[in-house]
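Since the structure comes first, as structure tokens, the remarks are kept for the end.
The values are calculated or read from the model by the stated rules, or taken from the named source; none is laboratory data. Note that the structure is a prediction, hence the values are computed from the model and not measured. As a convention, Cβ positions derive from the backbone with ideal geometry for all residues, glycine included, and neighbour counts pool all protein chains shown.
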Amino acid sequence: MTTPDPIFVDPRLARLYDAFDDDRADLDLYVGIAERLGARTVLDVGCGTGVLALLLAARGLDVTGIDPAAASLEVARSKPGADAVTWVEGGADAAAGLGLAADLATMTGNVAQVFTGDDDWAGALAAVHDALRPGGVLVFETRVPARQAWLGWTRESRPARRTIPGVGDVEKWNDLVEVALPLVTFQGSFRFPPGLLPDGDVVTSVSTLRFRERDEIEASLDVAGFVVDEVLDAPDRPGLEWVFVARRV
Ligand SMILES: C[S@@+](CC[C@H](N)C(=O)[O-])C[C@H]1O[C@@H](n2cnc3c(N)ncnc32)[C@H](O)[C@@H]1O
């Protein structure tokens, strides 16, 4: 299993995730697909701080959220309505042992790109296949490589500042570390209020993401026993993402 990045496992950073990723219009598509399919049971793979899992549970669905980052799950578990969700600490590969027979599995927030190796990705797809009932659907997104999202992962392009309750003002920026396609590595930096942390004001997290082409993804889904029903555009990020809707055969 790939080890999650510090941004998800360091409790000081995991508690900042929702504040900096505060526009979740991206999830509307997933909620709409769950509704359209009439899904009753959902597995959210790489659920992180649980935003989609909680949205779906609030609509009466039976939701399991799985993520290897204990600190992110801790944030999820502290939220209102969290008792309605089954939270599992584990990587996607652990989904196989859950005995779920789910109607729908989701991977939002470009979780699919954290699986940098072919084996990791194949293992994740195999496990999700196992967790779905026959005819169940996997929906996930991934960035279109040709749109070179990494060009925007620089200090200049998207610095951000948020006021975090109990912490104060936190500043965030990214630095591009390496583009070695299909892998892209970048570093996120978070500046905390002066003197708050014992080991310096800036905490960093390095992440490597895999940019897969559409035909590669389709081939991997085929090998894992899925049929691609649709490849959608993400309405909130037109032209930038592919959203795969794949059915377990
Ligand atoms: C960008 S976050 C997305 C979180 C959430 N899906 C969302 O939309 O807010 C990526 C998530 O993938 C998780 N992750 C990393 N490695 C994983 C693995 N092997 N299996 C499942 N999830 C993983 C991280 O812990 C993190 O929560």
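Numbers below:
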{"read-out": "Strands (runs of 3 or more DSSP E) wholly inside region 166-249 containing at least 3 residues that are buried (at least 18 other Cβ atoms within 10 Å of the Cβ) and of a type in the set (F, W, Y)", "value": "none"}
{"read-out": "Verdict on T86 being more than 13 Å from the ligand (Cβ to nearest atom), within 23 Å of A25 (Cα to Cα), at pLDDT 95 or above and surrounded by fewer than 20 Cβ atoms within 10 Å (Cβ to Cβ)", "value": "no"}
{"read-out": "From the options R237, R191, residue that is of a type outside the set (D, E) and touching a residue at least 40 places away in the same chain (Cβ under 8 Å)", "value": "R237"}
{"read-out": "The one condition in (1) of a type outside the set (V, I, T); (2) assigned by TED's automatic domain parsing to the domain that holds D222; (3) surrounded by fewer than 16 Cβ atoms within 10 Å (Cβ to Cβ) that D120 fails to fulfil", "value": "(3)"}
{"read-out": "Every pair of residues 6+ apart whose Cβ atoms lie under 9 Å, when the first sits in region 156-170 and is among the charged types (D, E, K, R) while the second is surrounded by 12 or more Cβ atoms within 10 Å (Cβ to Cβ) and outside any strand (DSSP E or B)", "value": "R158/G152; R162/L16; R162/A19; R162/F20; D169/F192; D169/P193"}
{"read-out": "Test: residue in region 60-76 that is surrounded by fewer than 17 Cβ atoms within 10 Å (Cβ to Cβ), in contact (Cβ under 8 Å) with a residue 60 or more places away in the chain and at negative phi", "value": "yes"}
{"read-out": "Residues of region 96-130 classified as in a helix (DSSP H, G or I) and aromatic (F, W, Y), total", "value": "1"}
{"read-out": "Any hit, region 31-38, residues being modelled with pLDDT of 95 or more and within 14 Å of the ligand (Cβ to nearest atom)", "value": "yes"}
{"read-out": "Filter result for A94 (surrounded by fewer than 23 Cβ atoms within 10 Å (Cβ to Cβ), within 12 Å of the ligand (Cβ to nearest atom) and of a type in the set (A, V, I, L, M))", "value": "yes"}
{"read-out": "Residue list for region 39-58, filter: away from the ligand (no atom under 14 Å from the Cβ) and either among the aromatic types (F, W, Y) or free of Cβ contacts under 8 Å to residues at least 40 places away in the same chain (or both)", "value": "A57, A58"}
{"read-out": "Every residue from region 14-28 that is within 25 Å of T116 (Cα to Cα) and either within 9 Å of the ligand (Cβ to nearest atom) or part of a helix (DSSP H, G or I) (or both)", "value": "A14, Y17, D18, F20, D21, R24, D26, L27"}
{"read-out": "Qualifying position, being within 12 Å of the ligand (Cβ to nearest atom) and surrounded by fewer than 23 Cβ atoms within 10 Å (Cβ to Cβ), among P11, P4", "value": "P4"}
{"read-out": "Test: residue in region 117-128 that is in contact with a Lys or Arg (Cβ under 7 Å, 6 or more places away or on another chain) and not hydrophobic (A, V, I, L, M, F, W, C)", "value": "no"}
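Here is a yes/no grid of residues against (1) under 23 Å from D23 (Cα atoms); (2) outside the structural domain of V137 (by TED's automatic domain parsing); (3) not in a loop (DSSP other than H, G, I, E, B):
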residue: D44; (1), (2), (3): yes, no, yes
residue: T49; (1), (2), (3): yes, no, no
residue: A57; (1), (2), (3): yes, no, yes
residue: V63; (1), (2), (3): yes, no, yes
residue: I66; (1), (2), (3): yes, no, yes
residue: S72; (1), (2), (3): yes, no, yes
residue: K79; (1), (2), (3): yes, no, no
residue: D83; (1), (2), (3): no, no, yes
